[in-house]
Amino acid sequence: MTEGALPNLFVIGAMKCGTTSLNDYLALHPQIHMAAVKEINWFSGEEAHQPVEWYRAQFDPAFPVRGEASQNYSKAHHPFYKGAPERMAALVPDAKLVYIVRDPIERYRSHFVENNLEEPGEDMAWNLANDHHFLTGRYAWQLRFFLEHYPIEQILVVDSDDLRRDRLATMNRIFDFLGLDRVDDPALFDFESNTIDSNMAPLHWRQSLAYRIAYKLAPFDFHRFMANALFRKYLYPEHKKPDLTPGEVAQLRERYAPDVAELRALTGQAFAKWQV
């Protein structure tokens, strides 16, 4: 890859909905090149200062579909990541967007647990003060910012439940949307990526020298090994994973209901297994 090219496919989120797995599944299609670095965050975020030549160099022009997955693009409420849709449309107005979503209560729970596994600090305080966990899961509201710049025909919303239940059929639906050949081997997608982030040891353990050495030397999945309930109970009993109370679930169901109704109307999808 020498010259590079602009992408024409974006996985825009949502956080904690399976974007890493989807990115890896897309990369298996022979007509798709996904950027080597997931979460480029060029249209907003950490790499927004880079020149367009740098961005083009992330993609192989030999492939008809070139894509990247940056779930932060669908965080319009976050000052560091807002503004991605308009910048994206100005550069690649004909691109196609895939937005993978999940039962918003389960997404909230996963996001909440992950943040609480980290040590208390400014990020957690910001999340709570700005309702970050909740707003990240307002899918229809986040989509509105993209619909100001892209027609709905260029956006495909995918339910992570469908991807988990029947990966081959769901991926072929995505390939149809992209105008690509279907695949017929269900074993191709027989894996999940980045599934244990909410079950890992506390951050101060993961940052310790002993843990890092053991992680590098272990001939097996050390994170999953250390996430075992037995180890959690005896090695760090004080560090219990938080969960939502029934009252909090009921409150979230009520708060998310209007947004989920709008998402159903926008997409024509039932999202039948959701709690909202």
Worksheet item: Hey, does the stretch 49-68 have a residue that's within 26 Å of Asp184 (Cβ to Cβ) and aliphatic (A, V, I, L, M)?
Response: yes
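Yes/no per residue for (1) surrounded by 19 or more Cβ atoms within 10 Å (Cβ to Cβ); (2) without any contact (Cβ under 8 Å) to a residue 60 or more places away in the chain; (3) touching a strand residue (DSSP E or B) at 6+ places or on another chain (Cβ under 6 Å):
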site: Gly4; (1), (2), (3): no, yes, no
site: Leu22; (1), (2), (3): yes, no, yes
site: Ala27; (1), (2), (3): no, yes, yes
site: Ala36; (1), (2), (3): no, yes, no
site: His49; (1), (2), (3): no, yes, no
site: Phe59; (1), (2), (3): yes, yes, yes
site: Arg87; (1), (2), (3): no, yes, no
site: Leu91; (1), (2), (3): no, no, no
site: Tyr108; (1), (2), (3): yes, no, no
Item to complete: Quick one: which residue in Ala69, Ala76, Ala90 is under 22 Å from Ile174 (Cβ atoms) and at pLDDT 95 or above?
Response: Ala69
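How many residues, within the stretch 256-266, are within 9 Å of Val276 (Cβ to Cβ) and surrounded by 15 or more Cβ atoms within 10 Å (Cβ to Cβ)? Walk me through how you get there before you give the answer.
From the stretch 256-266, those within 9 Å of Val276 (Cβ to Cβ) are 256-257, 259-261; that's our starting set.
Then keep just the ones that are surrounded by 15 or more Cβ atoms within 10 Å (Cβ to Cβ); that gives 256, 259-260.
Residues in the stretch 256-266 being within 9 Å of Val276 (Cβ to Cβ) and surrounded by 15 or more Cβ atoms within 10 Å (Cβ to Cβ): 3 in total.
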Worksheet item: Out of curiosity, is Glu47 at pLDDT 95 or above and more than 28 Å from Thr267 (Cβ to Cβ)?
Response: yes
Practice prompt. Would you tally the residues in the stretch 183-215 being at pLDDT 85 or above, touching a Lys or Arg at 6+ places or on another chain (Cβ under 8 Å) and farther than 29 Å from Tyr108 by Cβ?
Written response: 1
Discussion item. List the residue pairs whose Cβ atoms are under 7 Å apart, where the first residue sits in the stretch 126-145 and is free of Cβ contacts under 8 Å to residues at least 40 places away in the same chain, the second is open to solvent by 30 Å² or more (accessible area, probe 1.4 Å) and hydroxyl-bearing (Ser, Thr, Tyr), and the two are 6 or more positions apart or on different chains.
Written reply: His133/Tyr108
Discussion item. For the stretch 69-100, which positions are in contact with a Gly (Cβ under 9 Å, 6 or more places away or on another chain) and in a helix (DSSP H, G or I)?
Written reply: Gln71, Asn72, Tyr73, Ser74, Ala84
Practice prompt. Output the number of residues of the stretch 28-44 satisfying the condition of being assigned to a loop (DSSP other than H, G, I, E, B) and out of contact with any Ser or Thr (no Cβ under 7 Å at 6 or more places or on another chain).
Written response: 10
Worksheet entry | Looking only at the stretch 22-61, and only at residues there that are farther than 18 Å from Lys96 by Cβ and among the polar types (S, T, N, Q), the one that is nearest to the chain's Cα centre (by Cα) | Asn41
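The values are calculated or read from the model by the stated rules, or taken from the named source; none is laboratory data. None of the values given here were measured: they were computed from a predicted structure. Cβ sites come from the backbone with ideal geometry, for glycine too, and all protein chains shown count toward neighbours. Surface accessibility is based on the protein's heavy atoms, side chains included, excluding ligands, DNA and RNA. Shrake-Rupley method; radii C 1.70, N 1.55, O 1.52, S 1.80 Å.
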